[in-house]
1. Using the Cα atoms as the points, what is the convex hull volume per residue of the chain in Å³?
2. How big is the shadow of the Cα convex hull of the range 263-324, averaged over all directions, in nm²?
3. Taking every DSSP beta bridge that has both residues in the chain, what percent is antiparallel when rounded to the nearest 5?
4. Report, in deg cm²/dmol and to the nearest 500, the calculated mean residue ellipticity at 222 nm for the chain, where each DSSP H run with n ≥ 4 adds -39500 (n - 2.57) and the sum is divided by the residue count.
5. Once the principal axes of the Cα atoms of the range 31-98 are found, what is the range along each, listed largest first in whole angstroms?
6. For the range 149-294, what mean projected area does the convex hull of the alpha carbons give, in nm²?
7. Over 19 Å, how big is the tail of the calculated P(r) for the range 51-176, in percent of all Cα pairs?
8. Working only with C-alpha atoms, what are the Rg and Dmax values of the range 77-122, expressed in angstrom?
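The values are calculated or read from the model by the stated rules, or taken from the named source; none is laboratory data. All of these numbers come straight from a predicted model, not from anything done at the bench. Using ideal geometry, Cβ is built from the backbone for each residue, glycine included, and neighbour counts are taken over all protein chains shown. Note: accessible area is taken over every heavy atom of the protein model, side chains too, but ligands, DNA and RNA are not part of it. Shrake-Rupley method; radii C 1.70, N 1.55, O 1.52, S 1.80 Å.
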Amino acid sequence: MNLDFERKLPIPMRTKELYPVTPDLIPLITARAETLRNIFTGRDDRLLLVIGPCSADRPDSVIDYLTRLRCVQDEVADKIFIVPRIYTNKPRTTGEGYMGLLHQPEATGRPDPFKGIIAVRELHLRALRETGFTSADEMLYPENHRYLDDLLAYVSVGARSVEDQQHRLTASGLEIPVGMKNPPSGDLQVMLNAIHAAQTKHTFIYRGWAVHSAGNPLAHAILRGYLDPARRSVPNYHKADLQNLAERYAAAGLENPALLLDANHANSDKDPFRQPEIVRDVLKSCAEDPAVKRLVKGFMIESYIEDGCQPVGGGTWGQSITDPCLGWEKTLRLLYELAEKWTGR
């Protein structure tokens, strides 16, 4: 193998010992996990909002954003349950570019996974201690989930990863909601197959162990749009798309039919300022069709302090260095509008 083995990384157990979840935080983690379970099983009719930056690049600005979000959560708690996006590893289409806090704790510095593991765990712990939020992260690398499995509220499996067997098997052993995105091709059967696999018991190899999973009944769908053969964005958030998914869910016999609608990516053609109109369109579909309303559990929104994005190393506080995001003032208006319009199920 043409690999340069730089250093042995600490095992998850050791990392957790050095950066522990203290006993006072456990009731908060447990309570938020129970709320999420109730949302996905239909016992809680609040909307779930997985919202935050495209990538969690600067811990201090991420905490600034989450602190603002905390104040709004307290105001809209009867209608909306917020799980912040703290996405710390980024898939790159060509393998080039900023790959997230896990790889580069300093966005302009050299890759350092050792420091990255610590930076990621510290950021999720800070979010919990300073804002009371358990958060969401993308499971880009299934073997790394153990570094955060005592902290995360929600995990997504990305469009490029949803067909990967190890992602599906690992998801089947998690006790938190796992969102399976439709692949870039838009093939819903691939996504539904992933949900089926994640909801099923398995025996497999994980981190050098033979393990058994119990199946995850909280695995569910995320629609994020797709690309046609000419590489043009095609949305899949319209009423007919949602009705089609509801019918296919029913035919598949999967547990806890559920959808989070990703309002960015190919659904918005990567225009973050279209996210509010997409949310409104989905809410309208929910109002018109009870089956759609039962299926839609919430939204994924890419949002940060400042509108748009900047180059890696840019000096604008709270502005994305990956995909452009909706700024705070527009986000605030969207949150209040959502709370006003959502009537429950």
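1. 138
2. Across all orientations, the range 263-324 yields a mean hull projection of 4.6 nm².
3. Numbers: 8 of 38 bridges.
Close to 20 percent.
4. So the helix-based figure for the chain works out to -11500 deg cm²/dmol.
5. If we take the Cα atoms of the range 31-98, the spans are 43, 26, 17 Å.
6. Numbers: hull surface 37.5 nm².
Seen from a random direction, the Cα hull of the range 149-294 projects 9.4 nm² on average.
7. Details: 3821 of 7875 pairs.
For the range 51-176, the fraction of Cα-Cα distances above 19 Å is 49 percent.
8. That works out to 13.8, 45 Å for Rg and Dmax.
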